[in-house]
């Protein structure tokens, strides 16, 4: 191993290799509870450097785990002492921005927020967005096919990547840096790497799809008596706002009330309602959009769909509203120890699913239960945190059974946007058929026959 690291150091230079005790100074999760256990961390400065490193690792049979901004929640980048970690933190550049074709070229280590800010300077919008935008990387978002707060309008990461460049296990560079909206020339190879969590190749650059930046954004928090009202609200705002609806986030009282009671946030609306919704409209008419938004909400209040509402009168107030929804560290501190879930299912089935889950969990765990539900309801995604005492491996497994097992009958997914990693590997068969899993293993064997890329992740 020492000889291999010496060879790698000759490629990436002294700034490109971290070894020894310095490796363990790095966190292995976004909360900082665990430390990186890799044998070394390689920090290439270019695709060519990574390619040369991978050729060495492939020849030596050295396992490699690519890591992004450490914001994942499924142990998708966990390293063993035998692994080499690859970090693209020296590849954070923003390249060409085409304001006519609405595209942007970025390196995979670029932060999501950096890409957003660069697009904004050209009157454009990189629309994929979530709370960890300031630390999550484009490469990490691509490798997990991340979603976030704007999927209801702009889609997942997959819908916002036109092309990419990736390095295979043997060091081969696959450059599919397509800038065309329409390119139907045989297989769309970029799709192999989007959502495959670094098991088929390591993404190094990407061509991102951009959108015209909205001229106005209206944000409101709404209270509904129950989820039935939330469903009616979603239908109505979709019908009346059309493509202007850019966010529809729902927090059950189990999420909202502890968060505002914690003192970390000022409550925009009083407690006591069944659900709280953050909805956002983006538009192009600064004169008419605010009045239109308020008129729609006013009608929903009059009809009884909405029980209470507050409309942000400034960006600062909008940020305060969003801060409640995005405060995942605060939520995790409230629920620890707990299991974090990221599932999807038809919106029409959510109310019954949550009710049945709550009943079953309360019967199983009694007063020790902590159960929190929220999510991107507009795109069928629920986030759930559940914990109970004593929190043992058996308790964790039973909690997973309660959450995952009903999804099979509903056509749901064990992962809406966070990926599989290690955490969900054993539950993949709930969402994928045996034939699909066999095909996935065939692809893995073809592209990574030595199983050196992120081994042990995703596939059972």
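Details
- For the range 331-348, the candidate set comprises residues that are surrounded by fewer than 17 Cβ atoms within 10 Å (Cβ to Cβ) and touching a residue at least 60 places away in the same chain (Cβ under 8 Å); within that set, the residue that is nearest to the chain's Cα centre (by Cα) is 346.
- Test result for residue 207, closer than 27 Å to residue 369 by Cα and modelled with pLDDT of 95 or more: no
- When residue 90 is tested against (1) closer than 28 Å to residue 175 by Cβ; (2) surrounded by fewer than 19 Cβ atoms within 10 Å (Cβ to Cβ); (3) more than 24 Å from the chain's Cα centre (by Cα), just one condition goes unmet, and that condition is (3).
Residues are listed down the side, and each one gets a yes or a no for (1) in the same structural domain as residue 134 (by TED's automatic domain parsing); (2) assigned to a helix (DSSP H, G or I); (3) closer than 30 Å to residue 125 by Cα:
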residue: 258; (1), (2), (3): no, yes, no
residue: 263; (1), (2), (3): no, no, no
residue: 278; (1), (2), (3): no, no, yes
residue: 285; (1), (2), (3): no, no, yes
residue: 304; (1), (2), (3): no, no, no
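- For residue 316: the one exception among (1) in a loop (DSSP other than H, G, I, E, B); (2) more than 20 Å from residue 227 (Cα to Cα): (1)
- All positions within the range 19-73 that are in a strand (DSSP E or B) and surrounded by fewer than 16 Cβ atoms within 10 Å (Cβ to Cβ): 27, 35
- First in the range 256-269 and without any contact (Cβ under 8 Å) to a residue 24 or more places away in the chain, second anywhere and surrounded by fewer than 17 Cβ atoms within 10 Å (Cβ to Cβ) and in a loop (DSSP other than H, G, I, E, B), Cβ under 6 Å, 6 or more apart: 257/271
- Flag if residue 80 is closer than 25 Å to residue 36 by Cα and more than 21 Å from the chain's Cα centre (by Cα): yes
- Hits in the range 359-381 (condition: free of Cβ contacts under 8 Å to residues at least 60 places away in the same chain, under 29 Å from residue 33 (Cα atoms) and touching a strand residue (DSSP E or B) at 6+ places or on another chain (Cβ under 6 Å)): 361, 370
Listed here are the residues, each with its yes/no results for (1) outside the structural domain of residue 370 (by TED's automatic domain parsing); (2) out of contact with any helix residue (DSSP H, G or I) (no Cβ under 8 Å at 6 or more places or on another chain); (3) part of a helix (DSSP H, G or I); (4) buried (at least 18 other Cβ atoms within 10 Å of the Cβ).
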{"site": "384", "(1), (2), (3), (4)": "no, no, no, yes"}
{"site": "400", "(1), (2), (3), (4)": "no, no, yes, yes"}
{"site": "409", "(1), (2), (3), (4)": "no, yes, yes, no"}
{"site": "427", "(1), (2), (3), (4)": "yes, no, yes, yes"}
{"site": "442", "(1), (2), (3), (4)": "yes, yes, yes, no"}
{"site": "445", "(1), (2), (3), (4)": "yes, yes, yes, no"}
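- When the test is whether a residue is touching a strand residue (DSSP E or B) at 6+ places or on another chain (Cβ under 9 Å) and either part of a helix (DSSP H, G or I) or more than 26 Å from residue 248 (Cβ to Cβ) (or both), residue 396 passes it.
The values are calculated or read from the model by the stated rules, or taken from the named source; none is laboratory data. This structure is a prediction, so every number in the text was calculated from the model and none was measured. Because the Cβ atoms are built from the backbone with ideal geometry, glycine has one as well, and the counts that use them run over all protein chains shown.
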